[in-house]
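Values in this text are rule-based calculations from the coordinates and carry no lab data. Computed from a predicted model, the values in this text were never measured in an experiment. Neighbour counts run over all protein chains shown; Cβ positions are idealised from the backbone, glycine included.
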Amino acid sequence: MVLLVSAVLLIMILQLLPERDFQRARAAEYLVEHSLRVLRASALLLATIEDAETAERGYLLTGDDRHLDQYQAALSNQRQASQNLRRLTADNSRQQARIAKLDGLVETRLSGLSRLIALYRTQGQNAALAAVATDDDGRAMDEIRDLLSAMEQEEYGLLQLRTKAAEAHANHMRWILSALLIVLLIVGGAVSERDIRNHARDVEAIRNSEERFRTLANAIPQLCWMTNADGWIFWYNQRWYEFTGTTPQEMEGSGWTSVHDRKALPGILEGWKNAIAAGQPFEMDFPLRAADGAFHPFLTRVMPVRDESGKVVRWFGTNTDITAQRMTEDALRENQERLQLAQQVARIGTFEWNLKTGINQRTPELEAMYGLPPGGFAASQNIWMDLICPQDRELTKRHLQKAMETGGFEAEWRVIWPDGTTHWLSGRALVSKDDAQQPLRVSGAIADVTDRKQAELDVLRVNAELEQRVRQRTTQLEAANRELEAFAYSVSHDLRAPLRGIDGWSLALLEDYGGSLDDAGRQYLNRVRSETQRMGHLIDDMLQLSRVSRGEMKADPVDLASLANGITAKLQDAQPERSMEFVIEPHLVASGDGRLLDIALTNLLSNAVKFTGTRNKALIEFGRIEKEGEMAFYVRDNGVGFDMAHTGNLFGAFQRLHKVSEFPGSGIGLATVQRVVRRHGGRVWAEAFLDRGATFWFTLGGRS
């Protein structure tokens, strides 16, 4: 009875112990999982920053905006990763101190990347790539990696301690359960089924914790592996097998050497051996063979895992593929070489003036532009200013002073070489500033433009000579025009008198002696009168053409619709027997000389009336539409039209496409229209088909 009571009491005590140890096991499991989350957040943060770097380099090399989308996505992922890492380490003051420093370094690096992208957009690829070569913010990335490595090392140590604690709790649970089993054997199975399930759950929790670690390691993009204290690798993540195309059996023992470059392997082994001996982190670049047989460059980092006493018990390693980074670096180096070659070929010199240290670096091409031998600038820090022409020296200083405020300058100045010759230089510079907007450095490029300046002087001289010649020829032309105008009026007067005489005497002959003449004689006299009258009209048209070409123009708003209505009213009154319909678009206002435009419209509308004379009903339109990308006016009719093959002769003086017997006229009307339109800065053309009407188009040089 006493044994039974004792057993029952022991069972009750042992039932309380598993519950307490289970809670401890759960707490240990949570800490293990928490460390794994911190490690994953650290790896993700580094990956996002490296992604931002890769996208930025890709944009600088290609200019493809898709890299900018990747860059913005990386920035967004970086902010989330930083917030997650800060939240997970809120209970660790040392990690929080590192994160505070890390935030500043990350901001510095990302600001540097953004500045390079902005420089590419404003100054172009060459300026951006030149800035990359002197990018001081790149050191921040190394410090970021060191900080993250320190955080990971601490978490690995915590992970080791917490894993051991979880295992200790598990062993303790096994001892308690063993004792409980003995008691159960004594009391005949009085222990409850619940305690057995709790034990199974604790064991399963430990197993799940280990499984979660493996799942996390398999999920990250890096190749991961673990070794014992002396460097013997006993575990690889799934990514390792996927990349190398190997199996666990092939990697057993020293099988890992089969995926390394044989030439690089001795150096790898030596570095690994030294790291194990020193118990310090190990980092090295070397190639690994992929499943397709191609070698890819990798950055390998190995961190020691220590126990409570500080002894190294394991090593945890990662391999990060840096193929894209190497390609970017190679492309950057190649572009830098091309830039230097281009500067040599184009004879462009560059400089960089560090305002903090006072160091001014210049290329040999720049020294040659100042007439100095290689290394000539070293003779004096201010020799470049001393060689500037005295008349340009103060202006150059003002440009530099203004650049400190505005961020850059572009100017031209003269330099006097030591041999006394004067040369022109053209330069452009940008000023880089710190976060407080204080100038840090001045960078720029300078080109020798002496040949261009000499050519400009030659052009100015030639232009001056041409202007003088134009003035002389204009004076001569004005004199010739005055003589031509006097001659035209003289010819007009001298021709009109005999023509009036011929017409008058012919009319008198018809009136006084018409009865004595037969029909043929009277017909001959009528033809004489008709030809003399036609000659008079021809003289009038020639004088009008001359006035159109020489008269002074006035630019005023002209209502072309109103002009057209007045012209068509006169045309209708002159031939009341004809059926004619005029369609004139209202509000057709243009800027020009109203007198000249009236002449042009009169000729176009008169032609339309004349060449629709064979139609039962004439339809004549005047309007404006957009034609060939500009606003054009048109006069359209349904007359006899013409063959477009002869349109080249249409606007020449005395050119006709129809016989005088069919359609009378002098052949000068369209030539007059063309001269009016050209004086307004426009052009005139026609479209027609035989017996299907014609359309005459004209523009006024943007004056409509």
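Some notes on this structure:
- Using the Cβ-Cβ distance between E687 and D451 with R0 set to 51 Å, the FRET efficiency from 1/(1 + (r/R0)^6) comes to roughly 0.50.
- Sequence-ordered 3J(HN,Hα) estimates for region 297-305 from the Karplus curve with 6.51, -1.76 and 1.60 and θ = phi - 60° stand at x, 10, 9, 9, 10, 10, 10, x, 10 Hz, glycine and proline given as x.
- Amide H partners (placed H, <5 Å) of G701, local residues excluded: G682, R683
- Eligible lysines near K433 by straight Cα distance, threshold 16 Å, same-chain separation 8 or greater: K356, K402
- In terms of surrounding Cβ atoms within a 10 Å radius of their Cβ, F286, F698 rank from fewest to most as F286, F698.
- For L299, neighbours were defined as the other residues whose beta-carbon sits under 9 Å from its Cβ, and their charges (Lys and Arg +1, Asp and Glu -1) total -2.
- The loop-placed trypsin sites (Lys or Arg not before Pro) in region 588-642, going by DSSP, that have at most 15 neighbouring Cβ atoms within 10 Å of their Cβ come out as K617.
- Ignoring lysines fewer than eight residues from K617 along the same chain, the ones with Cα atoms less than 30 angstrom from its Cα are K570, K627, K659.
- Semi-axis lengths, Å, region 552-698, gyration tensor of Cα atoms, sqrt of 5 times eigenvalues: 23, 18, 15
- Here the extension length gained between D292 and D386 equals 27.5 nm, from 0.36 nm per residue of separation less the Cα-Cα distance.
- Residue-span extension gain [Q476 to K570] - 0.36 nm each, minus C-alpha spacing: 29.6 nm
- Here's the list of lysines a cross-link from K263 could span, going by alpha-carbon distance under 26 Å and ignoring same-chain residues fewer than 8 apart: K273.
- Residue-by-residue Karplus 3J(HN,Hα) for region 64-79, coefficients 6.51, -1.76, 1.60, Hz, glycine and proline x: 6, 5, 5, 5, 5, 4, 5, 5, 5, 5, 5, 4, 5, 5, 5, 4
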